[in-house]
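A.B. asks: Following this message is one structure expressed as structure tokens.
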Amino acid sequence: MVAMSDWRSFWDSAHSIYVNARHKDVHYREIADQIAGFVPGPGARVLDYGSGEAIHADRVAAVATQVLLCDQAPSVRAAIAARFAADPRLRALSPEEVEKLPDRSLDLIVSNSMTQYLSAAELDRVLGLWHRLLAPAGALIVADVIPPDTGALTDVMALLRYAAANGFLAAALGGLVRTAMSPYSRLRSRIGVTRYTQSEFMLKLRSAGFAAERLTRNLEHNAARMTFRARPL
């Protein structure tokens, strides 16, 4: 599965999405802790699809038997492999390697903040892959889905509240200026991001063979975005 090519190149480059080291650390720590909360038991096999650097994935591995970290960007996978080289519970995979995993071999699949960078057809394809890989009692968590009525101002305010609560507000203010002039901003203006209403995304999941629900809380800090939990029918 290949995401929108320009977005793939962006995430494989040096970028300033995280305004400083504190931002990156808090972000990945909170995501890892929330993923760990979805792990059904110590024998679970978990896939984080579109994981990013996942610098705190060991917190998920502490409550699972194996955590597979899949990212499109080769540089990100190399960083994951180097960081967790001594931990046999953690493994970096390419999307092509994920496609070769056995059917019904995973107990939990999480995809956070990725669907906006996929076309509708690409999402359909990856949902089919996840359905094939999930065990009958497994769960899929798809997080940070952007509704059509959520704009840049909502994102900015969510980031500022998050930064103020976690001690990097000054850096966030500077980071917003850098982002406005960055390749991310130009890409978002040129090719955009994919958005779904709640009903549209629920239909996507049902069409792929899942029973689904929207969770009350988004996995990410932006409460205006949506997180869904789905199970194979």
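A.B. asks: Quick one: R89 ticks every box in (1) surrounded by 15 or more Cβ atoms within 10 Å (Cβ to Cβ); (2) out of contact with any strand residue (DSSP E or B) (no Cβ under 7 Å at 6 or more places or on another chain); (3) of a type in the set (K, R) except a single one, so which number is it?
C.D. replies: The number of the failed condition is (2).
A.B. asks: Against the condition in contact (Cβ under 8 Å) with a residue 12 or more places away in the chain, within 30 Å of V19 (Cβ to Cβ) and open to solvent by less than 70 Å² (accessible area, probe 1.4 Å), how does G175 come out, does it pass?
C.D. replies: Considered against the rule, which asks whether it is in contact (Cβ under 8 Å) with a residue 12 or more places away in the chain, within 30 Å of V19 (Cβ to Cβ) and open to solvent by less than 70 Å² (accessible area, probe 1.4 Å), G175 comes out as yes.
A.B. asks: How many residues does region 92-131 hold that are among the aromatic types (F, W, Y) and either surrounded by fewer than 16 Cβ atoms within 10 Å (Cβ to Cβ) or in contact with a Lys or Arg (Cβ under 9 Å, 6 or more places away or on another chain) (or both)?
C.D. replies: 1
A.B. asks: Could you name every one of the helices (runs of 4 or more DSSP H) located completely within region 30-100 that has at least 2 residues being at pLDDT below 95?
C.D. replies: Ranges flagged: 74-83.
A.B. asks: So which pairs qualify, if the first residue must be in region 206-218 and open to solvent by 50 Å² or more (accessible area, probe 1.4 Å), the second must be part of a strand (DSSP E or B) and among the polar types (S, T, N, Q), the Cβ gap must be under 9 Å, and the two must be at least 6 apart or on different chains?
C.D. replies: Final answer for the pair search is R214/T227; T216/T227; R217/T227.
A.B. asks: Looking at (1) crowded, with 18+ Cβ neighbours inside 10 Å; (2) under 17 Å from W130 (Cβ atoms), which is the only condition A61 fails?
C.D. replies: Condition (2) is where A61 drops out.
The values are calculated or read from the model by the stated rules, or taken from the named source; none is laboratory data. Note that the coordinates shown come from a computational prediction; the quantities given were computed from them, not determined experimentally. Counting neighbours? That spans all protein chains shown, and the Cβs are built from the backbone with ideal geometry, glycine included. Just so you know, the surface numbers come from the protein's heavy atoms only, side chains and all, with ligands and any DNA or RNA stripped out. Shrake-Rupley method; radii C 1.70, N 1.55, O 1.52, S 1.80 Å.
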